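Peer 1: Here it is, the structure, as C-alpha cells.
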Amino acid sequence: MSSKKNKAEHLKNDVAAANAGRGKPIIRIEHLTKSFEKRGFGKRKRRSGDAEQPDDAHIHAVQDVSLSLYKGDVMVIIGPSGSGKSTLLRSINMLETPTSGHIWFDNVDLTDKATKIDQYRQRMGMVFQHFNLFPHKTILQNLTLAPIKLQKRPEAEVRAEAMELLARVGLADRANAYPSQLSGGQKQRIAIVRSLAMHPDLILFDEPTSALDPEMVGEVLDLMKDLARSGMTMAVVTHEMGFAREVGNRIIFMESGRILAEGTPEQFYKNPDNPRLKEFLSKVL
Amino acid sequence: MQAFFEDLANDFYTNLIAADRWKLLLQGLGVTMEITILALILGLALGFLTAIVRSTHDKTGKLIILDAIARLYTTVIRGTPTMVQLLIVNFVIFASISVSKVLVAVICFGFNSGAYICEIVRSGIMSVDEGQFEAGRSLGFSYAGTMVHIILPQAFKNIVPALGNEFITLLKETSISGYIAIMELTKAGDIIRSRTFNAFFPLITVALVYLAIVILFQQLWKRLERRLRKNEQ
C-alpha cells in the first residue's frame with residue numbers, strides 16, 4: 001500500500017538490527033502522539049481534546065513516534081522548526097503530556113498516571129534553550145538546591161561536589177555570583193552542571209545553543225562534547241549540524257511530527273536517501 | 001498677632017494636654033496598630049493561600065471547588081465597601097456572639113485585605129517565567145516543592161512594593177472602626193473634638209500621626225526592597 005508504511009517498517013528493522021546486542025534501552029518510546037488543540041497562535045495547551053474531534057481541530061506535534069535510547073547514546077534530533085523535535089524531547093520527562101503512546105524508563109511507564117514522575121525526573125537532567133537558572137539563588141545554590149532538598153544528601157558533600165563541577169567548567173570563581181551576572185554561555189554551562197549535580201542517567205538538551213550569541217556557542221558545545229566523551233547518555237535537539245555530525249552516534253530527522261530518517265552521522269551526511277532530508281541538509285549545511 | 005499665638009497655645013493645651021487627652025490619642029494609636037498588624041497577618045495568610053489555590057487551578061486544572069470558593073471570596077470582598085462589610089460582620093455575623101470589638105475588626109479587615117493580597121500574590125506568581133517552573137519540575141521537584149523553593153521566593157520579591165501599598169491602605173482603612181465603637185486613633189481624635197468643640201487640633205493631630213507612621217513605614221520598606229534587590233544585582 002503506502003510506501004511510507006514500508007519505509008517505516010524498513011526503518012524499524014534497520015534500527016532493531018543496529019541496536020542488537022546493546023542491552024536494554026534506557027528510554028523506550030512507543031507510538032507516541034502529541035496533539036494540541038488549535039487555539040491561539042501555537043500556544044501550548046496542557047490538555048488536548050478528545051480523539052473524536054475532527055483532525056483539523058488539532059495540531060499533531062508528534063505523530064506515532066517510536067524509538068529507543070541506549071546507554072551512552074548521543075542521539076541528536078534535527079529537523080525544521082515546528083517539526084515536533086522539542087515536543088518529543090519534552091515528552092521524555094513528561095513536561096509535555098503525550099496524547100497517546102508510552103514512554104518506558106527503567107521498565108516504568110512514565111505515561112501511566114499512577115507513576116510518581118518526580119522521582120524519575122530526578123534521574124533525567126534537562127537543559128533548556130533559555131537556561132532557566134534560578135535568579136534568586138547564587139550559582140552554587142543553583143547547583144546544590146535539588147541534591148540537598150530532593151536527594152537529601154549531606155550539604156557539605158553536595159557543596160564540595162558542586163565546587164568540583166564548577167571548576168570543571170572553569171566557573172569556580174563565580175560560585176557566589178548570581179545568574180544575572182553571567183554571560184549566556186556561562187549560564188548555559190551552569191545549567192548543564194546543575195543537571196549533572198543530580199547524577200542523572202541521561203540528560204535532555206532542548207536547543208541548548210539557540211539563544212546564545214554566536215561567540216558563546218563554542219564553549220557550550222565543548223562542554224557537551226566533553227560530556228559525550230565521558231559516556232553520558234544524551235538526547236539533543238539542536239540546529240548545530242557540526243555537533244550532530246561530530247558527536248552524535250545517532251541522528252534523527254523529524255518533520256511534521258514524524259521521524260523521516262534515522263541513522264549514523266555517516267549514513268546521514270554522506271548519502272541521505274530521504275528527499276526531504278536531502279533538501280533540509282542542503283539548506284543548513 | 002500675639003493674641004493669635006496665645007489662642008493657638010491655649011487650644012493646644014485644651015485639646016492635647018488637659019485631662020491627659022494625648023493619652024487618649026496614644027491609646028487609640030495602640031488599638032489602630034493592633035488591628036492593622038493582626039489584620040495584615042490574617043490577610044497575608046488568606047491572600048497567599050487563595051492565590052496559591054487560584055494559580056494552581058490555572059496551571060493544572062485541579063482544585064476546582066477551592067478555586068471557585070476563592071474566586072467567590074475575592075469577588076464579594078472586592079465588590080462591596082469595607083464599611084458595609086464591617087457593619088455586617090459586627091451587627092449580623094457577630095450579632096449574638098459576644099467577642100471583643102477589636103477581634104471583629106481584625107477579622108473584617110483581615111478578610112478584606114486577604115482578597116486584595118490574593119490578587120497581588122497571584123500577579124507575582126504569574127510574573128515568574130514559565131521556564132522557572134519547568135526547570136524546577138525537570139529537576140524532580142513536586143508541584144508544591146517548585147512553588148516553595150523556586151516560584152514563591154521570586155514572586156515575593158516582585159510584589160514587595162504592592163504589599164507595602166496594601167499595608168498603608170489597611171492602616172488608613174482601620175479608621176472606620178469607630179463605627180462599631182472601637183476607640184482607635186480616629187475615634188480618639190473625634191472624641192476630643194466633641195469634648196473641646198475644637199475640630200482643628202484633634203483632627204490635624206490625628207492626620208499627622210497617620211502620616212508619620214506611613215512615612216516611617218515607607219522608609220523601612222524601602223530598605224527591605226533595596227536589600228532584596230541587592231540579592232541579584
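Peer 1: Quick one: net charge around B:LYS172, please, counting Lys, Arg +1 and Asp, Glu -1 for every other residue with C-beta under 13 Å from its C-beta. Don't skip to the answer; put the middle values down first.
Peer 2: On the way: positive: none; negative: B:GLU166, B:GLU173, B:GLU184.
Residues close to B:LYS172 contribute a combined charge of -3.
Peer 1: Here's another thing I want to ask about it. Can you tell me what the convex hull of the Cα atoms of the range B:23-152 projects to on average, as an area in nm²?
Peer 2: Convex hull of Cα atoms, orientation-averaged projection: 9.9 nm².
Peer 1: Please work out how much length the chain gains when fully extended from A:MET163 to A:TYR269, using 0.36 nm per residue of separation minus the C-alpha to C-alpha distance, in nm with one decimal.
Peer 2: Working: separation 106, 0.36 × 106 = 38.16 nm, distance 3.98 nm.
My answer for the length gained is 34.2 nm.
Peer 1: Pull up the cross-link candidates among the aspartates and glutamates for B:LYS187, meaning alpha carbon to alpha carbon under 17 Å and not fewer than 8 places away within one chain.
Peer 2: The qualifying aspartates and glutamates are B:ASP20, B:GLU34, B:GLU173.
Peer 1: Whole-Hz Karplus ³J(HN,Hα) for the range A:260-275, in order, using 6.51 cos²θ - 1.76 cosθ + 1.60 and θ = phi - 60°, x for Gly and Pro?
Peer 2: Each residue's phi maps through the Karplus curve to give 8, 8, 8, x, 7, x, 4, 4, 5, 8, 6, 9, x, 9, 7, x Hz.
Peer 1: Next up: Ignoring solvent entirely, what values of log10 I(q)/I(0) come out of the Debye formula for the range B:2-232 at 0.09, 0.12, 0.15 Å⁻¹ when each Cα is a single scatterer?
Peer 2: -0.50, -0.77, -1.03
Peer 1: Further question: Please provide three numbers in whole Å: the alpha-carbon extents of the protein assembly as shown along the principal axes, with the largest listed first.
Peer 2: Computed over the protein assembly as shown, the largest-to-smallest principal extents equal 107, 56, 43 Å.
Peer 1: Projected onto the charge dipole of chain B (+1 at Lys/Arg Cβ, -1 at Asp/Glu Cβ, origin at the Cα centre), which of B:LEU72, B:GLN2, B:GLY145 gives the Cα projection farthest towards the positive end?
Peer 2: The listed residue farthest towards the positive side: B:GLY145.
Peer 1: Using amide H atoms built in the peptide plane, which far-off residues or other-chain residues are under 5 Å from A:SER66 H to H?
Peer 2: Hits under the 5 Å cutoff: A:HIS31, A:LEU32.
Peer 1: Another one. Step through the residues of the range B:142-152 one at a time and calculate ³J(HN,Hα) from phi using the Karplus curve (6.51 cos²θ - 1.76 cosθ + 1.60, θ = phi - 60°), rounding each to whole Hz and writing x for Gly and Pro.
Peer 2: 6, 4, 5, x, 5, 4, 5, 8, 10, 7, 4
Peer 1: With only alpha-carbon atoms counted, please give the Rg and Dmax of the range B:31-96, in Å.
Peer 2: 14.5, 43
Peer 1: Can you give the Rg/Rh ratio of the range A:83-222, where Rg is from the C-alpha atoms and Rh is the Kirkwood radius?
Peer 2: Answer for the range A:83-222: 0.99.
Peer 1: Per the helix-only calculation at 222 nm, which mean residue ellipticity applies to the protein assembly as shown, given -39500 (n - 2.57) for every DSSP H run of n ≥ 4 and division by its residues, nearest 500 deg cm²/dmol?
Peer 2: Roughly -18000 deg cm²/dmol at 222 nm, from the helical runs in the protein assembly as shown.
Peer 1: Right, another one. Using amide H atoms built 1.01 Å from N in the peptide plane, name the residues 5+ places from A:PHE205, or on other chains, whose amide H lies under 5 Å from its own.
Peer 2: Residues meeting the amide H criterion: A:VAL127, A:ALA235, A:VAL236, A:VAL237.
Peer 1: Which one, A:LEU150, B:ASN112, A:VAL108, is farthest towards the positive end of the dipole of the protein assembly as shown when Lys and Arg carry +1 and Asp and Glu -1 on their Cβ?
Peer 2: A:VAL108
Peer 1: Please list the non-local residues whose amide H lies under 5 Å from the amide H of A:HIS58, H modeled 1.01 Å from N, same-chain partners needing a gap of 5 or more.
Peer 2: A:LYS38
Peer 1: Working only with C-alpha atoms, what are the Rg and Dmax values of the range A:189-285, expressed in angstrom?
Peer 2: When restricted to Cα atoms, the range A:189-285 yields Rg and Dmax of 14.2, 42 Å.
Peer 1: Moving on. Using +1 on the beta carbon of Lys and Arg, -1 on that of Asp and Glu, and nothing else charged, what's the dipole of chain A about the Cα centre, debye to 20?
Peer 2: My answer is approximately 420 debye.
Peer 1: On each of the three principal axes of the Cα atoms of chain A, give max minus min coordinate, whole Å, ordered largest first.
Peer 2: 63, 43, 42
Quick note: the coordinates plus some simple rules give every number you see, no bench work behind them. Given the structure is predicted, the values throughout are model-derived calculations rather than measurements. As a convention, Cβ positions derive from the backbone with ideal geometry for all residues, glycine included, and neighbour counts pool all protein chains shown.
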